[in-house]
2 protein chains.
Amino acid sequence: MSTPRTRIVMKFGGTSVADLDRIRAVAERVKHAYDQGHQVAVVVSAMAGVTNRMVGYCESLDPLFDPREYDAVVASGEQVTSGLTAIALQKLGVPARSWLGWQIPLRTDEAHGKARIEGVNGAALLASMASGEVPVIAGFQGIGPDGRIATLGRGGSDTSAVAVAAAINADRCDIYTDVDGIYTTDPRIVKKARKLERVSFEEMLELASVGAKVLQTRSVGLAMKEKVRVRVLSSFEPPCDDAGSLVVDEDEIMEKQVVTGIAYSRDEAKISIRRIPDRPGIAAAIFTPLARNGVNVDMIVQSTGADGMTNLTFTVGKADEARALEVLEGCRADISYGELARDSDVVKISVVGMGMRSHAGIASTMFQTLADRGINVQVISTSEIKISVLIGAEYTELAVRTLHTAFGLDAQ
Amino acid sequence: MSTPRTRIVMKFGGTSVADLDRIRAVAERVKHAYDQGHQVAVVVSAMAGVTNRMVGYCESLDPLFDPREYDAVVASGEQVTSGLTAIALQKLGVPARSWLGWQIPLRTDEAHGKARIEGVNGAALLASMASGEVPVIAGFQGIGPDGRIATLGRGGSDTSAVAVAAAINADRCDIYTDVDGIYTTDPRIVKKARKLERVSFEEMLELASVGAKVLQTRSVGLAMKEKVRVRVLSSFEPPCDDAGSLVVDEDEIMEKQVVTGIAYSRDEAKISIRRIPDRPGIAAAIFTPLARNGVNVDMIVQSTGADGMTNLTFTVGKADEARALEVLEGCRADISYGELARDSDVVKISVVGMGMRSHAGIASTMFQTLADRGINVQVISTSEIKISVLIGAEYTELAVRTLHTAFGLDAQ
């Protein structure tokens, strides 16, 4: 029985094209799919380490470098890999050619260094594939309205791949990486973590944004919007039709798990402002200057005491902590709060699952499980398909393992 | 007294942009010229070693690589340097932006890997300079008729610089390298070699083509055709208005030297075909198959004996020797020659000078000088401004030194 013929995008990350041997292995893998009769478009990242070296060059010359020049410099990494991968494919007898962002063109907005994709012209790529060729697309890059190279920000090659898949109406976008799929939680912490065969876009978004860094969040959002089926799989294992995990529309998942996975993020810092006079507009007075200074605020809890004074606790990324404190010290006079406290020795644990929508009791199970282990919950936040808690960092492994068991996720 | 304001191209080779410190030094040098009020366009090579690494990657994947993919890969080196140099200039307060071949555009023919320039659109570069900006152009690259990156072949950045200088009607094209000018001969062999203040395009062509590898031959030919004044100077010495050597039109040289310089080339292999039946078309029967196989033939001498048999001796580049012999063995039946001999232990010594045109006796002085030292001349070839001889390689230094003295070139 032959595999049905499909049009697929195969995207290979930096570790998958880290050296010439790995590039040869990628070519073999693409040939395997090509020989099965699939139409294949390839998207490649820069060889592992190259982008960091280029970024280092730019920062060393000028920490406030012109992002348009930065883009010209760092985009060279994917350019090299796309040419080399095309050569490796040709060597195996597979017709192939490299495509740079400006050649496709893949058009972006003007936000150099972190550009957003505005459109991908699929015509040339479709013609290339129709002629039996494999286009090898340099990921991470496009052309801005100024006619200059624009890059999509770190991890942007995943987004390139999804955008290309949407433009050529691909049946699937395979993201090859150094892990073999998406797990119920981090297998380094929980030995009994299970690989998920299918996970919904929404769940993936929550899992990715809270620290399960297999797929870039932006690429998942785009895949959801464009309804591109994404498969995450390892480039270090032999080709196999059922490998990896599929990220798909909710409708494609028959048996919805109540809880799909447990994620954690160590990149949190907690800031508490105590004894704030409780008056209208006080939250805006605090969060507007933070936003203006580029500080992203995540979890927020507010509590008002009997004395009419309010306490506000929230979390920011660890990299933003110093800036946030500086901003808040600066507007102490305006807000006239009593005390400013910080704690970066915290971790955010999240329980994620589509089934939460229709199941009550997930939150209480979560809190009870943590309480039984003597773990104090400092902050809570919830979304439709996620409950997150902030706890002391020393409890990370214990909390993840206990919740994994409590929600029935352990492998048999 | 201020320097008159001019429009100049400053081109920096691989050793001049070898690392971030060298790129910073280049930026300082460009700023020096910019601050004098000159309009400056910069052309840069790849950082030393980068192009070789990229070529190595391609060859390792497939010795018969697709030259279009090779071009996409190797052109990345100049792309990186142009972006980094623009950042370094901006850091010094000099407005600058990088320009890639396809952005200018610098249009080439379709001969990927060794493309020829068909035209440079100077409009955008002129507008950039008129606005007070320094364009930093990635050398060595353009865009082919297929819309893909095309490179100009090794050393092509010199040619880029001259073509850009012609397109923007520059007053001068300064080629910065790791030597401080053009010498009467190789200073490593002759301590008394003198730096030439001025040398004509024609002389430079002859000097370059016979081994004084300061400027790429193609770039000199283009400069001559487009009447671009070229200055060769060192990027390792402090800026100085009179630095280096000027390569200019003959008319700009008042006092013409009879002999300008002595060049040598070790890249020669001598092939002799003996006892060839002397009939019409025999030279074509020999040289046509060589040309078809890409073998460039340089010096040729033919001598016919009393027996009606002809001997033919010629030189080829050392890299072509094996292929030349193979081709000649292959057509032995057609030509029915008696013997095929080779000798790669030879060197070509050339005496070059515009004044030869009007001076008799240069050849005889050359031959007598060599004969006095017991050096046997194996092959002779002449052009209007050059006399070349092939001699045993062991006599290289002796011949160059003796001729340098005999033609009055020694520094005082």
Scanning the stretch B:46-58 for residues that are among the aliphatic types (A, V, I, L, M) and farther than 14 Å from B:V26 by Cβ, the one farthest from the other protein chains (Cβ to nearest Cβ) turns out to be B:V55
For A:K348, the lone unmet condition from (1) of a type in the set (D, E, K, R); (2) open to solvent by less than 20 Å² (accessible area, probe 1.4 Å); (3) out of contact with any strand residue (DSSP E or B) (no Cβ under 6 Å at 6 or more places or on another chain) is (3)
Within the stretch B:124-156, the residues that are more than 23 Å from the chain's Cα centre (by Cα) and farther than 22 Å from A:G83 by Cα are B:A124, B:L125, B:L126, B:A127, B:S128, B:M129, B:A130, B:S131, B:G132, B:E133, B:V134, B:P135
Scanning the stretch B:1-48 residue by residue, those under 18 Å from B:D242 (Cα atoms), among the aliphatic types (A, V, I, L, M), in contact (Cβ under 8 Å) with a residue 40 or more places away in the chain and assigned to a loop (DSSP other than H, G, I, E, B) turn out to be none
Worksheet item: Does at least one position in the stretch A:34-46 carry a residue that is closer than 30 Å to B:Q90 by Cβ and of a type outside the set (S, T, Y)?
Response: yes
Checklist entry - Got at least one residue in the stretch B:84-104 being over 20 Å from A:D66 (Cβ atoms) and of a type in the set (A, V, I, L, M, F, W, C)? => result no
A:P187 vs (1) under 30 Å from A:V377 (Cβ atoms); (2) touching a residue at least 12 places away in the same chain (Cβ under 8 Å); (3) of a type outside the set (D, E): all pass except (2)
Restricting attention to the stretch B:279-295, the residues that are open to solvent by 80 Å² or more (accessible area, probe 1.4 Å) and either more than 29 Å from the chain's Cα centre (by Cα) or under 24 Å from B:A399 (Cβ atoms) (or both) number exactly 2
In the stretch A:115-170, anything within 21 Å of A:T15 (Cβ to Cβ) and surrounded by fewer than 23 Cβ atoms within 10 Å (Cβ to Cβ) is listed as A:G153, A:R154, A:G155
- request: Within the stretch A:79-87, identify whether any single residue is under 25 Å from B:V136 (Cβ atoms), under 22 Å from the mean Cα position of the chain (by Cα), open to solvent by less than 20 Å² (accessible area, probe 1.4 Å) and not hydroxyl-bearing (S, T, Y), and answer yes or no.
  value: no
Subset of the stretch B:192-208, residues touching a residue at least 24 places away in the same chain (Cβ under 8 Å) and in a helix (DSSP H, G or I), comes to B:F201, B:E202, B:E203, B:M204, B:E206, B:L207
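Condition check ((1) out of contact with any helix residue (DSSP H, G or I) (no Cβ under 7 Å at 6 or more places or on another chain); (2) open to solvent by 20 Å² or more (accessible area, probe 1.4 Å)) across all residues:
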residue: B:V40; (1), (2): no, no
residue: B:A46; (1), (2): no, no
residue: B:S60; (1), (2): no, yes
residue: B:Q90; (1), (2): yes, yes
residue: B:A96; (1), (2): no, no
Note on the stretch A:177-195: residues open to solvent by 10 Å² or more (accessible area, probe 1.4 Å) and either closer than 22 Å to A:R218 by Cβ or at pLDDT below 90 (or both) are A:T177, A:D178, A:V179, A:D180, A:Y183, A:D186, A:P187, A:R188
Check: On the given criteria, is B:K11 farther than 30 Å from A:L92 by Cβ, in contact with a Cys (Cβ under 8 Å, 6 or more places away or on another chain) and in the same structural domain as B:D171 (by TED's automatic domain parsing)?
Finding: yes
(request) Please tell me if A:A306 is in a loop (DSSP other than H, G, I, E, B) and either buried (at least 20 other Cβ atoms within 10 Å of the Cβ) or at pLDDT below 90 (or both). (result) yes
Matching residues in the stretch B:99-114 (loosely packed, with under 15 Cβ neighbours inside 10 Å and either among the basic types (K, R) or over 21 Å from B:V220 (Cβ atoms) (or both)) number 1
Residue set A:G361, A:G338; condition outside the structural domain of A:I273 (by TED's automatic domain parsing) and more than 22 Å from the chain's Cα centre (by Cα); output residue A:G361
Listed by range, strands (runs of 3 or more DSSP E) wholly within the stretch B:59-160 having at least 1 residues that are facing chain A (nearest Cβ under 7 Å) are B:96-99
Sole miss for B:L207 among (1) of a type outside the set (S, T, Y); (2) farther than 28 Å from B:N296 by Cα; (3) open to solvent by less than 60 Å² (accessible area, probe 1.4 Å) is condition (2)
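The values are calculated or read from the model by the stated rules, or taken from the named source; none is laboratory data. Values in this document were obtained by computation on a predicted structure and should not be read as measured data. All Cβ positions, even for glycine, are placed from backbone atoms using ideal geometry, and neighbour counts span all protein chains on display. Just so you know, the surface numbers come from the protein's heavy atoms only, side chains and all, with ligands and any DNA or RNA stripped out. Shrake-Rupley method; radii C 1.70, N 1.55, O 1.52, S 1.80 Å.
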